Amino acid sequence: MSNSLEKIKSSLQHKITAQIKQKGAISFAEFMRMVLYEPGLGYYSAGLFKFGVEGDFVTSSELGTLFAQCHARCFAEILPNLTKPVVFELGAGSGRFCADVLVALAAMECLPDEYWILEVSADLKLTQQNAINALPEDLAKRVRWLDAPPHDSFEGVVYANEVLDALPVEVFQCIENKYQRLMLTDVGGELTEEWQDFSPELLSQLEQKKLSLPNGYRSEFIPNLAAWMESITECLSKGIVLMVDYGYGRPVYYHPQRNKGTLVCHRRHQANFNPYQDVGLQDITAFVEFTTVAESMEVVGLEVCGFTTQADFLINSGIDQSIDPSGDYQSYFKKVTEMKKLVMPEEMGEKFKVIAAQKNLSIELSGFKVNHWQTL
Ligand SMILES: C[S@@+](CC[C@H](N)C(=O)[O-])C[C@H]1O[C@@H](n2cnc3c(N)ncnc32)[C@H](O)[C@@H]1O
């Protein structure tokens, strides 16, 4: 491992240990927040290369332009119904999705007035700014980075791809029908797991899921999801919230056989299940439990209007329209390979889901011609 990576790892470990010395045991969610987002040190904040073929994982937006083009067709069904429409993207990664969507919307003559990005990583914000600065001026000038969720009311599309899975999770176990919260402490310089009671607030969020779990069951949930949803959508006066991620509805997510949860770490395209190794150098994520996402949307006054697989969403958003069999063979082959990766069930097609909710708007989006409500 290079010296600079070693340095990041040991500085972050030191910071976590210092936090535990100062505050006592920390929750797994606090640990995950630090290892992913601690300024200058966390996985998303330290300037390490993560996205794409040479990084640690590839998101749908990084595979090529098809994913963004399908979204542009979806956004084009929404934006003309709105006044001064905005696309508001959370966690824009490398900025590629934003750039590709704007190019596609420009070709459809359906550009939003503005495109806002809310990004927690200062380092990724710079990467995004470089990507956007390479766009034609008429597109680049529409993009603005927010430091916090918007304060003033707006009409538009709130969008997030693979952001929910990057939100810190609480880990729990169920012992004799009682929930315990995973906390981390430091024993002789080693991070050590211990179990404590949840606060009444977090316990009630877990109890609201009405789970029936076997003894010793371990899993996770995103704490305060409704509050987060409220913070990003409260100023949306009219429009759609669209979120894409890998995950399942509650019955599958908390299936009795999935008794070790869904946490997974990624480094250089290798998955592992040890979040305590290589802190700051590997991504840690949890699958998304979409029933709670839907409930959180409803709690904050949104009306859930679509839940489907990525495959159905992209196919019904016309993914085949972006592939030209009469063009040159090499680029045709590349596009078909990209499409297969996005829609084949054993690739990203079924693992990834798309959820949509609307506010003061009633339109039937083509992408949700086929819904999978029974799995929510
Ligand atoms: C797995 S990446 C996905 C990036 C991009 N959407 C894509 O599809 O390639 C997760 C992104 O979400 C950002 N992020 C995580 N938590 C966030 C939050 N609470 N608000 C905004 N962005 C967040 C990360 O910094 C990163 O840019």
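Judged by the mean number of other Cβ atoms found within 10 Å, the most tightly packed of the peptides 229-241, 123-135, 307-319 leads the ranking 307-319, 229-241, 123-135. Only helices enter this figure: runs of n ≥ 4 DSSP H residues, each worth -39500 (n - 2.57), summed and divided by the residues of the chain, yield -10000 deg cm²/dmol at 222 nm to the nearest 500.
Please give the Cα centre distance for the stretch 88-102 versus the stretch 328-354, rounded to the nearest Å. Result: 20 Å between the Cα centres. Counting every other Cβ atom within 10 Å of each residue's Cβ, I363, I20, I117 order from fewest to most as I363, I20, I117. Once you've got the Cα coordinates, tell me which of K125/K351; K9/K353; K238/K353; K23/K353; K84/K125; K9/K260 are over 30 Å apart. In this structure, K9/K353; K23/K353 lie more than 30 Å apart at Cα. A Cα-only calculation for the stretch 194-306 places Rg and Dmax at 16.0, 45 Å. Kirkwood-type hydrodynamic radius, the stretch 1-122: 17.0 Å, calculated from all non-identical alpha-carbon pairs.
Calculate the all-directions average of the projected area of the chain's alpha-carbon convex hull, and give it in nm².
19.4
Charged side chains reduced to their Cβ positions (Lys and Arg at +1, Asp and Glu at -1) give the chain a dipole of some 480 debye around its Cα centre.
Computed from phi, the 3J(HN,Hα) profile of the stretch 325-337 under the Karplus parametrisation 6.51, -1.76, 1.60 (θ = phi - 60°) reads x, 8, x, 6, 4, 4, 6, 4, 4, 4, 5, 5, 4 Hz, with x in place of Gly and Pro.
If you average the alpha carbon positions of the stretch 203-230 and of the stretch 145-175, how far apart do those two centres end up, in angstrom? Distance between centres, Cα-based: 17 Å. Derived value for the stretch 115-221: Kirkwood hydrodynamic radius 18.0 Å. Basis is the mean of 1/r over every pair of different alpha-carbon atoms. Summing charges over all other residues whose Cβ lies under 9 Å from the Cβ of T185, with Lys and Arg as +1 and Asp and Glu as -1, gives -3. The C-alpha atoms of the chain define a longest principal axis, and helix 28-37 lies at about 50 degrees to it. Footprinting exposure proxy ranking of S10, S94, fewest other C-beta atoms within 10 angstrom first, gives S10, S94.
Counting only Cβ charges, +1 for Lys and Arg and -1 for Asp and Glu, the dipole size of the stretch 181-322 around its Cα centre is about 380 debye.
At a 10 angstrom cut-off on C-beta neighbours, averaged per residue, how do the peptides 291-297, 156-162 rank from highest to lowest?
Highest mean packing first, the order is 156-162, 291-297.
All of the numbers you see were taken from the coordinates with simple rules; none came from a lab. Here the structure is a predicted model, which is why all the values come from computation and not from measurement. Cβ coordinates were reconstructed from backbone atoms using ideal geometry, including for glycine residues, and neighbour counts include every protein chain displayed.
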